[in-house]
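The values are calculated or read from the model by the stated rules, or taken from the named source; none is laboratory data. Since we're looking at a predicted model, the values are computed, not measured. Please note: Cβ atoms are built from the backbone with ideal geometry, for glycine as well, and neighbour counts cover all protein chains shown. The area values use the complete protein model at the heavy-atom level, side chains included, leaving out ligands, DNA and RNA. Shrake-Rupley method; radii C 1.70, N 1.55, O 1.52, S 1.80 Å.
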2 protein chains.
Amino acid sequence: MAAKRNAVTTEAPESSAPGEGTALALDSRLSKRVESVIPKKRHEALKWFGWGYNDSQFYGKDGIICFRGEKYPLGGCELPSFTKWVEKKFDLRVDITKQYPQLPRTYPRPVENAPFLHELKGTSQVDYSAEGIDRLVRCHGQTLNDIYSLWHHKFRRIPDLVVWPRCHDEVVQLVRLAHKHNVMLVPFGGGTSVSGAITCPQNESRMICALDTSQMNRLLWLNRENLTVCFESGIVGQDLERVLRSEGLTVGHEPDSYEFSTLGGWVATRASGMKKNVYGNIEDLVVRVRMVTPSGTLERECSAPRVSCGPDFNHVILGSEGTLGVITEVVLKVRPLPSVRRYGSLAFPNFEQGVLFMREVARRRCQPASVRLMDNEQFMFGQALKPEKSWWASVVDAMKQRYVTSWKGIDLNQICAATLLFEGDLKDVQRQEALIYEIAEKFQGFPAGGQNGERGYILTFVIAYIRDFGLHQGIVAESFETSVPWDRCSLLCRSVKQRVVSECSKRSINYYTISCRVTQTYDAGACIYFYFGFRSTDVADPVELFEAIEHSARDEILSCGGSLSHHHGVGKIRSHWYRNAVTETGSSLYSAAKRHLDPKNIFALGNLLPLEEAHPTAEASPPPPTSSTPPKAKL
Amino acid sequence: MAAKRNAVTTEAPESSAPGEGTALALDSRLSKRVESVIPKKRHEALKWFGWGYNDSQFYGKDGIICFRGEKYPLGGCELPSFTKWVEKKFDLRVDITKQYPQLPRTYPRPVENAPFLHELKGTSQVDYSAEGIDRLVRCHGQTLNDIYSLWHHKFRRIPDLVVWPRCHDEVVQLVRLAHKHNVMLVPFGGGTSVSGAITCPQNESRMICALDTSQMNRLLWLNRENLTVCFESGIVGQDLERVLRSEGLTVGHEPDSYEFSTLGGWVATRASGMKKNVYGNIEDLVVRVRMVTPSGTLERECSAPRVSCGPDFNHVILGSEGTLGVITEVVLKVRPLPSVRRYGSLAFPNFEQGVLFMREVARRRCQPASVRLMDNEQFMFGQALKPEKSWWASVVDAMKQRYVTSWKGIDLNQICAATLLFEGDLKDVQRQEALIYEIAEKFQGFPAGGQNGERGYILTFVIAYIRDFGLHQGIVAESFETSVPWDRCSLLCRSVKQRVVSECSKRSINYYTISCRVTQTYDAGACIYFYFGFRSTDVADPVELFEAIEHSARDEILSCGGSLSHHHGVGKIRSHWYRNAVTETGSSLYSAAKRHLDPKNIFALGNLLPLEEAHPTAEASPPPPTSSTPPKAKL
C-alpha cells in the first residue's frame, strides 16, 4: 500500500491547501487547468471506430479519393494522383457504396465488483461511468487488430467501468481501492498505442476499470530559471505545446501521434519525437516522474539534473507500459521557442547513397532537428498524396534543368529523398544548412527545395488517417519500426523488404506495397520505419494474415540485428520476443519487480511478457518452454 | 544459477574456439590483450597506503613542499607558494621528520570456506592468492576513512582470498561457486572508490573473496563503421584511451580518477567525465553491458542505439555499486580524436557572476568540452600550487594592463575564475571560443589566457596526491560533490560553506579551508564540488570529526535541493540518506531486485542501503525506523 509519505501529495483541484510532503506540485494554487482539444466524452470529438477527429477523413467521390477535415492542410482536397497510385498498386477502384461500421447495439455485460463500487462511490469523489460507449472507446488502442475487432464487434471484454481521477491523490486512492478489492486497472491516456498495450485482456475475469487520465492535465508549475515544467500525465501533446508556446517555450517532443497521445503515454512507452536531435527523446526530457503503484509512489526525491544514486528507477518507469502502475506527474525540460524554422529536402540516386549520407551526418553530429530518408517506393507514395503539382515532378524538373548532364546516369526508379527540418537561430540554421548540403553532395545528393521538405512534414499527421480508409476499401496496411546499428542499416532494409515480398508470394498476395524510411539517426545506428499493406478483398481474415507476415518481418528484423522496437514498445503484439530481447535474467528481473510493485497483478495488461508468464505465483518457477525459438541475429 | 544460454560466452584467452551464444565478443580470436600500466601485483606500482603511483608524492625538503614523480608536469618541482599557503592557512610548518606508515607485520587471519576453495582449485583455472599484502590492498577504496584505517592498521576484516578471473566465463564460474558455497564476493576494479563502496564490510562472517577484474582488460572488438568498441570491464581508463588513441579514436570519458579507475567501476558508480559535454557521461556512452549475477547474466540482446523494450535494465546495472553482480563486458561509443584541443580561462568579479555565466552557457547549449568555475578560495589554492609565476599574478597583471580603468571596482578577494577546454575541428573551436567569450563579457568576465586554463586541467591529476600528504602532516582534507537545479546553485554553495564554517566554529576548529567549484553544467542544473580540510594536529580522531562535519554539510546540501551524489555514488558513507533519496518505494524496489538477482546476498557490500536493511529475509518486513530523519529540502 502507498506509504504514508506518499499519501498526501498533489491535491484535488478544488482543494485550496497546498499539498504536503514532496509532491512535484508544491502549491496547487500555482497550477493551471488546461482546456483540452479532447473532451471528457472523447467520442464526441474522436472517431469511435478509428484514428483521429470525427470530422477528418479520407473518402471517395466520383471515383476520386478526397480528404475532408479543416484541421489539416489537405482538408477539402481531391487527390487524383493518390487515386491513380491506389488503382495501380492494388488494382482497386474506389468504392463509395461501402458503409463504415455502426456502433454495436449492445455492449458486453459488465463484471461488477460490488465492494469496490460501494467504496468508490462512498469514499471518493472520483467521477465514473458504466455507459457502453464510454467503455468501448477505451477498450483498445490503434493496432490493425484493434480497429478490425471494433468494426466487427469482436471484443468480448471491454472495461467494466471508466474512472476519471483528477490528480495524483485520486490515483493513489483508486490504486489502493483496486488493490484492496482485486480489480484490474488499465491506465488509459490518449488511446494511440499501436502495440496492443491498452487493449483489454480478453481473458480477464476480474472487474476491469479503465483509468482515464484525461482529467489530470494541469500545468502544475513552470520554472523559467531551470527551464523545467511540471505537467500532470494526462495532458495531450498538442495541448502541452500550445500552453508552452504561449509562454515562448517548447518541450519539442513530437511523436507522430502527438495530436492525441499523452505525456504519461510517452513515458510509459519510451516515446521518440520527430525532433529528438534538438530536444531529445522522452528519456532525455524527463527530469522527474511519479508513478503510483500498489506498493507506493515511485519517484526521485530531488530535481537535480543528473545523479549517481543507485539504479535509476526512472528507467523502470519509462517503458513500463502500464504494467507497474499509473504515471501521474512528470517534470520535463523546456527550451525557448526557436527563432527560425526552415525546411529542406534532398534527392539521392539511390537508397544506399542516402543511408551513407545519413550515417555521415550522424558521424559528424550535425543533425538538424529532423532528417528523414525515404526509399523510392515511399517517395512515390508521398508524391502521389499531393493534390497539386507533385514534388516528384518538381524534382524531375529541377534535375532536368540543373543536373541533366552530370546526373544522366540516374535511374528514376531508384531515386530516393530526404526531408529536412532546421530549428534554431538564423546563424545556426544557416551553418547547419550549408554543412548538410555539403555532406549530401559527397553522396551524390542534391537539394530539392524547402517547399518539398515542408510538405513531407505536414503530411505526417494526415497519413495516419489512410489506414482506416484502406481497411474500409479492402486494403490492410500498417507500419512497424526498429532500430539497428549503422553497419546493418541497408542490409536490414533490403532483407526485410525481400522477406515481405517472399511472404506475399508464398501466400499468393499479388497486390501490395512495402517501403521504408530512416526516421532517426544516432551515434551508433538508426531508426527504420516500414510501411506494408496489401489488398485483402479476397482474404477471409486479413488482419490475421497481416499479422503473420508482420511476424515474419519481425523475425527478419531481429535476425539482421535490429531491435524489437525503437519507440512503439513491446505491448502484447511483440511480447513473443520480449524474453529473448532482454534475456531470461532480464525478463525474470522484470517479473520480480512487477511482483514487488503489483503483488496482486491489478495492472494485468499482459504487455512485455505474455499474460500467462508475467505473474507466476511460484517465485522460482522455470519459464515455460517457448514453442518456437525466436531467431538469433545473423552476426 | 546462470541460465544455460549465458554459460558459454566469452572464452578464456587461451581458448581458440569462438564463444557461442550471444557474447558481446563473438570471436575471441579478434580480441586484443592490453598491456596495463597497473601490474597484477598492484602494490608493485601503486602505493599500498594511499593514492597513486609509488614514485609520485608530495614531500617536504628544507621546509618547502616539493613533488616527485616524473609522470606529472609538477614532477621535481619545489612549491614555495603552496608551502606559504599551507603555512598561512593552517599555521603549520612542513615536518620532514614524520614517517609514513609501515606495512602491518601480520594480517587478519583468513576465514576459509573449505568446500569453496576445494572446488575453486579443483574445477577452475582461476588464479588466486591468499597473501596478506594482496588481500590488504584490496580491502578498501580511497575515502579518508579507508586511508586512515590503513595507516592505523584498523581493518579487522580484509578479503580472505583474491581471485583474478580472465574473462566473462570465469566470472560466471566464480559467481556460481560463491553462490553455491555462500562466499561473499567484492568486485574490485581500480580501487578508487571514494564512497566506501569496496571497503570490506567489517562484520561479515562468511569468507570474503575479492574478485579483481584487472586481468580481464581485453579489447574484444572495434567496429569503425558503428563507432563502437567492446572492452572487458577491468580495463583501466588510461589503458583504454591509449589503445584507442593508437587507432585515432577516443571514448572521451575522463573522470579525475581515470589513470587508475576501470570501465567496470565507471558503470557500477554511474561515473561522470570531465569532457561529458562532448562525449557524454557513462550512461550516454554505454551501448550494451553485461553483468553476471547469481541468477544469470543481465544484458540486452541487441546493439541497436536506442530501444523501447520495457524497463531499461542497463540503468539498473549502472549505479548498482557491486551489490547486484559483476560487470564483465561493455560496449561503448567511440569518437574520432579531435583535430584541435585548446585551453582557455576567464576571470569574473565574483562567484555569482560566474554562476550566471555558467547558466547562460548551459541555456544556450554552447558548452565547450569542459568548463569549470572555481570560487575565490579554490582559485587562490590553485594559484599557490604553481611552481612558476602564478596564474593569479598573470591575471592581476593582465587586469592591471588591460582593464585597470574599467575594472577598478573589483575586489580581488572576490574574483573567481573559469577554466575552459575546447575540442573539435578548428572552425568549431573558433566559433565556440568566440561565443563563450562573448557570453562571458555579459557577466563581467574577461579572458585570462589559454596557458592558465591548461595549467588548471593539468593539475587535476596531481591534486589527488595532496590528501595523503596532508594527512601525513596533520591536515585532513577531502572533497564531496552534488548536483542541483540552476536556481539553487549559488544558494547551495553559499549555504554549505556557511554550514561548514559554523560547524568548525562550534568545534573550535580554527584552521580550515572550504571552497567549491562548478564542474559540470546541464540543461536543468549543475554539479558542484566542495573541498574541505582542517588542521587536525590537536584532534583525537580527525577522520571521525571530518565525517561529522561532512555529514552536516550533506544535510545542508539536501535541504538546499541538492542530490545525494552527482557521480561518486552512495556507497556506504551516504547510505544513511539513500532511502529518502529514492523514497520507500524505490528502496524497497531496489531490495526486491537485489533479493531476486542475489538471493543469498553474496554481494553483501552494504552499499546504497545500510547492511542490516539491505536484505531482510521476510519479503514484506517494514523498514526499520531511522533514528534521525533526513532533512527535507527547503523548497
Taking the options A:Thr269, A:Thr213, A:Thr250, name whichever one is farther than 21 Å from A:Lys71 by Cβ, in contact with a strand residue (DSSP E or B) (Cβ under 7 Å, 6 or more places away or on another chain) and hydroxyl-bearing (Ser, Thr, Tyr).
A:Thr213
Selection from the range A:329-341 of residues that are within 13 Å of chain B (Cβ to nearest Cβ) and open to solvent by less than 10 Å² (accessible area, probe 1.4 Å):
A:Val331, A:Leu332, A:Val334
State whether one or more residues within the range B:558-565 are under 21 Å from A:Asn226 (Cβ atoms) and either more than 12 Å from chain A (Cβ to nearest Cβ) or outside any loop (DSSP other than H, G, I, E, B) (or both).
yes
Check A:Ser505, A:Ser515 and return the single one that is open to solvent by 40 Å² or more (accessible area, probe 1.4 Å) and more than 14 Å from every other protein chain (Cβ to nearest Cβ).
A:Ser505
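Do we find a residue being within 25 Å of A:Asn281 (Cβ to Cβ), out of contact with any Asp or Glu (no Cβ under 7 Å at 6 or more places or on another chain) and at the interface with another protein chain (Cβ under 7 Å from one of its Cβ atoms) anywhere in the range B:273-280?
no
Within the range A:530-555, can you find the residues that are within 14 Å of chain B (Cβ to nearest Cβ) and either at positive phi or open to solvent by less than 20 Å² (accessible area, probe 1.4 Å) (or both)? Don't jump to the end; show me each part of the working.
Our first condition is that a residue be within 14 Å of chain B (Cβ to nearest Cβ); within the range A:530-555, this holds for A:554-555.
A:Arg554, the sole residue that qualifies.
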When you check B:Tyr522 against the structure, is it of a type in the set (Ser, Thr, Tyr), surrounded by fewer than 24 Cβ atoms within 10 Å (Cβ to Cβ) and within 30 Å of A:Thr250 (Cα to Cα), yes or no?
yes
Counted residues in the range A:273-294 being outside any loop (DSSP other than H, G, I, E, B) and under 30 Å from A:Lys180 (Cα atoms) come to 6
The condition from (1) more than 7 Å from chain A (Cβ to nearest Cβ); (2) surrounded by fewer than 24 Cβ atoms within 10 Å (Cβ to Cβ) that B:Phe603 misses is numbered (2)
Output the residue which, of all residues in the range A:78-100 that are of a type in the set (Ser, Thr, Tyr) and under 29 Å from the mean Cα position of the chain (by Cα), is modelled with the lowest pLDDT.
A:Tyr100
When you look at A:Glu584, is it surrounded by fewer than 23 Cβ atoms within 10 Å (Cβ to Cβ) and either in contact (Cβ under 8 Å) with a residue 24 or more places away in the chain or facing chain B (nearest Cβ under 10 Å) (or both), yes or no?
yes
For the range B:47-67, give me each residue that is in contact with a helix residue (DSSP H, G or I) (Cβ under 8 Å, 6 or more places away or on another chain), among the hydrophobic types (A, V, I, L, M, F, W, C) and not in a loop (DSSP other than H, G, I, E, B).
B:Phe58, B:Ile64, B:Ile65, B:Phe67
Residue match in the range B:68-87 (condition: over 25 Å from B:Ser515 (Cβ atoms), outside the structural domain of B:Leu177 (by the TED database) and not in a loop (DSSP other than H, G, I, E, B)):
yes
How many residues does the range A:156-171 contain that are open to solvent by less than 30 Å² (accessible area, probe 1.4 Å) and either farther than 27 Å from A:Val330 by Cα or among the β-branched types (Val, Ile, Thr) (or both)?
6
Selected residue [in a strand (DSSP E or B), among the polar types (S, T, N, Q), at the interface with chain A (Cβ under 9 Å from one of its Cβ atoms) and open to solvent by less than 10 Å² (accessible area, probe 1.4 Å)] from B:Thr297, B:Thr323:
B:Thr297
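Output the residues belonging to the range B:276-294 that are charged (D, E, K, R) and either open to solvent by less than 10 Å² (accessible area, probe 1.4 Å) or in contact with a Phe, Trp or Tyr (Cβ under 6 Å, 6 or more places away or on another chain) (or both).
Once the filter is applied, which keeps residues that are charged (D, E, K, R) and either open to solvent by less than 10 Å² (accessible area, probe 1.4 Å) or in contact with a Phe, Trp or Tyr (Cβ under 6 Å, 6 or more places away or on another chain) (or both), the range B:276-294 yields only B:Arg290.
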Evaluate the range A:302-312: report whether one residue or more is within 13 Å of another protein chain (Cβ to nearest Cβ), open to solvent by less than 20 Å² (accessible area, probe 1.4 Å), within 21 Å of the chain's Cα centre (by Cα) and of a type outside the set (A, V, I, L, M, F, W, C).
no
Any residue in the range B:468-480 that is over 23 Å from B:Asn350 (Cβ atoms) and within 14 Å of another protein chain (Cβ to nearest Cβ)?
yes
When (1) in contact with a strand residue (DSSP E or B) (Cβ under 9 Å, 6 or more places away or on another chain); (2) in a helix (DSSP H, G or I); (3) over 17 Å from B:Cys416 (Cβ atoms); (4) in contact (Cβ under 8 Å) with a residue 12 or more places away in the chain are applied to B:Phe534, the one that fails is (2)
Here are the criteria: (1) modelled with pLDDT under 95; (2) in a helix (DSSP H, G or I); (3) open to solvent by less than 20 Å² (accessible area, probe 1.4 Å). Tell me which single one B:Pro630 does not satisfy.
(2)
Only one of these is within 30 Å of B:Arg156 (Cα to Cα) and open to solvent by 70 Å² or more (accessible area, probe 1.4 Å): B:Pro39, B:Pro115. Name it.
B:Pro115
Residues being at the interface with chain B (Cβ under 9 Å from one of its Cβ atoms) and closer than 15 Å to B:Gly296 by Cβ: count how many of those fall in the range A:566-580.
1
Pairs returned, first residue in the range B:548-560 that is of a type in the set (A, V, I, L, M), second residue that is open to solvent by 20 Å² or more (accessible area, probe 1.4 Å) and outside any helix (DSSP H, G or I), beta-carbon separation under 6 angstrom, 6 or more apart or interchain, are B:Leu558/B:Pro631
